[in-house]
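Colleague: Sharing a structure, written as structure tokens. Questions coming.
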Amino acid sequence: MNSRSFVPAPVNEPILSYAPGSPERAKFFARLNEMKSKKVDVPLYIGAEEIRTGKKIDLRSPYDHEQLLGKAHQGGALEVRRAITAALKARKDWSRMPFSARAAIFLKAADLLAGDWRWTLNAATMLCQSKNLYQAEIDSACELIDFLRFNAHFAEGIYAAQPNSSRGMWNRLEYRPLEGFVFAVTPFNFTAIAGNLPTAPALMGNTVVWKPATSALYTAHFLMKLFQEAGLPPGVINLVSGPAAEISDAILAHPDLAGVHFTGSTGVFHALWKTVGANIARYKTYPRLVGETGGKDFVLAHASADPEAVATALVRGAFEYQGQKCSAASRAYVPAGLWPQVRKSMKGMLAAVEVGTPEDPGNFVNAIIDRRAYEGIVRYIDAAKKVKGNKIVFGGTYDSSKGYFVTPTVIESSDPKSLTMCEEVFGPVLTVHVYPDNKWKETLALVDSTSPYALTGSVFARDRHVVLEAERALVNAAGNFYINDKPTGAVVGQQPFGGARASGTNDKAGSYLNLLRWVSPRTIKETFDPPKDFRYPFLARDAA
Ligand code: NAD
């Protein structure tokens, strides 16, 4: 207790290759097969209890309708009230636990995940969210390990930031956890986000009610088991699941709501914000609202760009994880002079891309998360085919007979404001607008004004003046701006992630900025020798 300790300096978790014959490949597939052979029964985790309501839903792999992973129990307002009570009870000890003890739990979780738990979480992410070996590895292993280790390091930096003290006094800032509980709501598409949203506020001393995406409940269950094994006390993170609106209405009506940590679509965040606004007079404190939401991420190529680099960035940026990354490239602007080379190169690469089950490592593109998402993407593709001025350059086909598969689809659109140039499709659909070579400046303005979002974007150019011009013109068009790189793949500790405009509150997950939202500082001034006379020297009158 009586020492000043330092969090071990974090380094990014190395990405394993999973090449044929590698030990990681053998271990991963052994765990995958073991997990496939066992059906899970996912409870709600409330305090020290596992709650089984008996109202169950099936958990299935998106790439194989026949592959049942297990069942998950669903709760409602009653379970929400119990979870809030458990969180508030756990807060008493957790908020006063020394930081080193809290941090040690999450650092241990990172180490467990870097070891044998890696195969479990990666296999769960493949089985449940249809990520291939590489996509699972960079998400559920590396990014989550990085969140856990870097957050502990950033928290330490926050606590170390202290005010000055004049003589005779000592000023301190105490970074209190928020007064109440935090509601974490997570999307299906990143296991790392599912792990980070409840743990980041918890690291800062808060207790949490966590609602994972229903389509990622299987993986959420293993995350809870990992946190438990790392020594997280009961009630610090409580997992509830059930009809989203019923759960969130019950939570947002509670007077002790102190914060919302959300990642998901813009529409849902708007609804949460509105409800918080309508309930504002009920709360004991103004809830912190942190939301990372949708995107319509761009790639803008200049005539001086390397066409091979543009084509590669588009194929990887638009189609990895089936375009279901918030950062996925979904609209591109290519000058007419460069387009024939970019198109040819992309078509060549896409012809070599295989679509199918992630259990076959040869498949680069896998299944869409669920039927609703699949049908939404199909609607966009079918509508785009009917638009005069649109050409399907590649793909445009889909098949849901075995799993939810959509081929990588490239649409060339003569109208820069056509539907798929403007709206988030959240699937493997890229729309390209070919602009006249002499309309660079106009295209910059177009990129900036086309969509309400501002999450990620890339510019490709070899001319430095042009890069600078784009950097300035697109200053508010993306929270993560890339130069000669694809707009996806942000790494914790290297490219803090988040966007503004309709893409979120830009609190930068994986940085000290996010952690600051989960504390409410108290300033403490202590005077060592307090004055004992109310009179100041100026009160004395001049001698006559
Ligand atoms: P979603 O909005 O459908 O769901 C997100 C979460 O909100 C889930 O847990 C869901 O159950 C819950 N939810 C849904 N309706 C709700 C309601 N009425 N009240 C309360 N909660 C509700 O999003 P998704 O399909 O899981 O994820 C895809 C979306 O997330 C895309 O728009 C994507 O751009 C965005 N996203 C953004 C980032 C980012 O960092 N900006 C990262 C990942 C995903």
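Colleague: If I require 15 Å or longer along the helix axis, counting alpha carbons, and a Kyte-Doolittle average no lower than 1.0, what helices from the chain are left? Use full DSSP H segments.
Modeller: Details: long enough: 23-37 (22 Å, -0.99); 77-94 (26 Å, -0.26); 99-114 (22 Å, 1.23); 117-129 (17 Å, 0.07); 144-160 (24 Å, 0.62); 191-203 (18 Å, 0.83); 217-229 (18 Å, 0.35); 266-278 (18 Å, 0.65); 307-319 (18 Å, 0.88); 339-351 (17 Å, -0.45); 371-386 (23 Å, -0.79).
TM-like helix candidates: 99-114.
Colleague: Using r as the Cβ-Cβ distance of N12 and D64, and R0 as 30 Å, what FRET efficiency do you calculate, to the nearest 0.05? Spell out each step's value before the answer.
Modeller: Numbers: r = 33 Å, r/R0 = 1.10.
Result of the calculation: an efficiency of 0.35.
Colleague: Right, another one. For the range 297-483, what is the charge dipole size about the Cα centre, in debye to the nearest 20, if Lys and Arg each add +1 at the Cβ and Asp and Glu each add -1 at the Cβ? List each step's numbers first, then the result.
Modeller: On the way: 20 positive and 21 negative charges, 85 e Å.
That gives a dipole near 400 debye.
Colleague: Give me the percent relative contact order of the range 402-544, please, defined on Cα pairs under 8 angstrom at least 6 residues apart. The partial results should precede the final answer.
Modeller: Values: 156 pairs, mean separation 22.3, N = 143.
16 percent.
Colleague: Cα to Cα, under 28 Å, and not fewer than 8 places away if on the same chain: which lysines meet these conditions relative to K38?
Modeller: K27, K55, K56, K71, K108, K131, K211, K225, K402
Colleague: Then there is this: Accessible surface of F481 in the full protein assembly, 1.4 angstrom probe, to the nearest 10 Å²?
Modeller: Near enough 60 Å² of accessible area.
Colleague: Could you give the distance between the Cα centres of the range 381-424 and the range 76-123, to the whole Å?
Modeller: First find each Cα centre; the distance between them is then 42 Å.
Colleague: What does the charge add up to near R379, with Lys and Arg as +1, Asp and Glu as -1, over the other residues with Cβ less than 12 Å from its Cβ? Present the calculation step by step, with values, prior to reporting the outcome.
Modeller: Working: positive: R372, K385, K386; negative: E375, D382, E423.
Value of the local net charge: 0.
Colleague: Counting only helical runs of four or more DSSP H residues, what would the 222 nm mean residue ellipticity of the chain come to if each run contributes -39,500 (n - 2.57) and the total is spread over all its residues?
Modeller: Details: 17 runs with 202 residues, N = 544.
Taken over the chain, the calculation gives -11500 deg cm²/dmol.
Colleague: Residue farthest toward the positive end of the dipole of the range 297-483, with Cβ of Lys/Arg at +1 and Asp/Glu at -1: which of G337, V406, M349?
Modeller: Value computed over the given set: G337.
Colleague: So, in Å, what gap is there between the alpha-carbon centers of the range 291-351 and the range 185-219?
Modeller: Cα centres, the range 291-351 to the range 185-219: 30 Å.
Colleague: Follow-up. With unit charges on the beta carbons (Lys and Arg positive, Asp and Glu negative) and the dipole taken about the Cα centre of the chain, which residue among N206, T53, Y283 sits farthest to the positive side?
Modeller: Value computed over the given set: Y283.
Colleague: Could I ask something else about it? Would you mind calculating the relative contact order of the range 359-421 from Cα pairs under 8 angstrom and at least 6 residues apart, reporting the percent as a whole number?
Modeller: This gives 33 percent for the range 359-421.
Colleague: Identify all lysines with a Cα-Cα distance to K296 below 19 Å; exclude those on the same chain that are fewer than 8 residues away in sequence.
Modeller: K325, K417, K486, K508
Colleague: What size of dipole, in debye to the nearest 20, comes out for the range 118-225 about its Cα centre when the only charges are +1 on Lys and Arg C-beta atoms and -1 on Asp and Glu C-beta atoms?
Modeller: On the way: 8 positive and 7 negative charges, 37 e Å.
That gives the range 118-225 a dipole magnitude of about 180 debye.
Colleague: Over the range 112-264, what is the mean sequence separation of C-alpha contacts under 8 Å (at least six apart), divided by residue count, expressed as relative contact order in percent? Don't skip to the end; give the middle numbers.
Modeller: Details: 213 pairs, mean separation 41.1, N = 153.
Reported relative contact order: 27 percent.
Colleague: Just how much of L513 is accessible, in Å², when a 1.4 Å probe is used and the result is rounded to the nearest 10?
Modeller: Here the residue's solvent-accessible area equals roughly 70 Å².
Colleague: In terms of modelled amide H atoms, which long-range or inter-chain residues lie less than 5 Å from the amide H of Q67?
Modeller: The answer is S61.
Colleague: Please give the charge dipole size of the chain, origin at the Cα centre, charges +1 on K and R Cβ atoms and -1 on D and E Cβ atoms. Round to the nearest 20 debye. Don't skip to the end; give the middle numbers.
Modeller: Working: 62 positive and 52 negative charges, 227 e Å.
Computed about the Cα centre, the dipole is about 1080 debye.
Colleague: Measure out, as a whole number of angstrom, how far apart the alpha-carbon centroids of the range 432-475 and the range 503-544 sit.
Modeller: Their Cα centres are 45 Å away from one another.
Colleague: Using a 1.4 Å probe and ignoring any ligands, DNA or RNA, find the accessible area of S304 and quote it in Å² to the nearest 10.
Modeller: S304 has an accessible surface of roughly 30 Å² with all protein chains in place.
Colleague: How much of the DSSP beta bridge set in the chain is antiparallel, as a percent to the nearest 5?
Modeller: Values: 29 of 71 bridges.
Within the chain, antiparallel bridges account for around 40 percent of the total.
Colleague: Keeping every protein chain in place, order M35, M169 by accessible area at 1.4 Å, biggest value first, i.e. largest first. Before the final figure, lay out each step's value.
Modeller: Values: M35 20, M169 50 Å².
Greatest to least solvent exposure: M169, M35.
Colleague: Count charges around A332 for me, please; just the other residues with Cβ under 12 Å from its Cβ, Lys/Arg as +1, Asp/Glu as -1. Write out the running numbers ahead of the final one.
Modeller: Details: positive: K296, R331, R343, K486; negative: D297, E412.
Net charge in that neighbourhood comes out at +2.
Colleague: Lys and Arg at +1, Asp and Glu at -1: add these up for the other residues within a Cβ distance under 14 Å of K89 and post the number. Each step should come with its number before you reach the end.
Modeller: On the way: positive: R81, R82, R91, K92, R96; negative: E49, D93, D256.
Neighbourhood net charge equals +2.
Colleague: Taking +1 at the Cβ of each Lys and Arg and -1 at the Cβ of each Asp and Glu, which of W440, A83, S241 sits farthest along the dipole of the chain towards its positive end, judged by Cα position relative to the Cα centre?
Modeller: A83
The values are calculated or read from the model by the stated rules, or taken from the named source; none is laboratory data. From a predicted model like this one, the values you see are computed outputs, not experimental measurements. Cβ: placed from backbone, ideal geometry, glycine included. Neighbour counts: every protein chain shown. To get the accessible areas, we keep the full protein, side chains included, count just its heavy atoms, and leave off ligands, DNA and RNA. Shrake-Rupley method; radii C 1.70, N 1.55, O 1.52, S 1.80 Å.
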